[in-house]
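The values are calculated or read from the model by the stated rules, or taken from the named source; none is laboratory data. Just so it is clear, the model here is predicted, and its values are computed rather than measured. Cβ: placed from backbone, ideal geometry, glycine included. Neighbour counts: every protein chain shown.
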Amino acid sequence: MSEARCKVCAHSDREKIDAALATGTTNVAAGERWGMSKDAVRRHRASHLSKALMAVTAQRETGGAVKAIDRAEALYSKAEGLLDAAQLEGKASLSLAAIRELRGIVELLAKLTGELDERPTVQVLNVSTSPEWSQLRGVLLGALGPFPEAHLAVAGALGELEQ
C-alpha cells in the first residue's frame, strides 16, 4: 500500500498518531480516537511507522517496560480527571463511581509502595527470659517444696521445656 493511499499517512494528525503508536497506544484505541479502522492503523504501523519510532516501541516492549506503580499512577490521573469532569457536569453517581475507583487505586498504590502491608505478622514471645516467668517458676517450685517427688518431676519437665 502506498503512502498516498494510507489513511493514517494522509491524516492531518499523523504525527500525533505516530507518537501515540510509538508509546504503546493500541491499534483499536488509535483508530477510535482518530476515526479510522484498527486495520488501517495496523497496516500503517507495520509499513509506515518510522524506524526511530519503531525502535522506541521495541525498547518499550523489551527493556523499557512500565512498572506497575507507574501504570497505577496513570490510572489515578485518568480517574481523577473523570471525577473532575463528573463534578463539573453535576453527575453525582458518576462522581461516586470515580471516587470508588480512586479509593481502589490509592489502596493499590499504598500496597505497591509498602505504605499498606496486609501480610500477616508473627510475634515471637520468649517467656523463658521474662522476669514474670522466672517469678512464676520460683513460686511454683516453692509450692511443691513439701512434695519432693512432684517437685523433681515438675522441675525436670520445666527444664526440658526451657531447652
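Out of D18, D39, one residue alone is closer than 25 Å to R71 by Cα and either in a helix (DSSP H, G or I) or polar (S, T, N, Q) (or both). It is D18.
Pairs only if they're at least six apart or on different chains, beta carbon under 6 angstrom, first in region 15-33 and closer than 12 Å to L49 by Cβ, second basic (K, R) and assigned to a helix (DSSP H, G or I); list them, first residue then second. Listed by first residue and then by second, the contacts come to L21/R45; N27/K38; N27/R42.
Among the residues of region 49-62, is there at least one that is in a loop (DSSP other than H, G, I, E, B) and either surrounded by 16 or more Cβ atoms within 10 Å (Cβ to Cβ) or modelled with pLDDT of 90 or more (or both)? Yes, because at least one residue in region 49-62 is in a loop (DSSP other than H, G, I, E, B) and either surrounded by 16 or more Cβ atoms within 10 Å (Cβ to Cβ) or modelled with pLDDT of 90 or more (or both).
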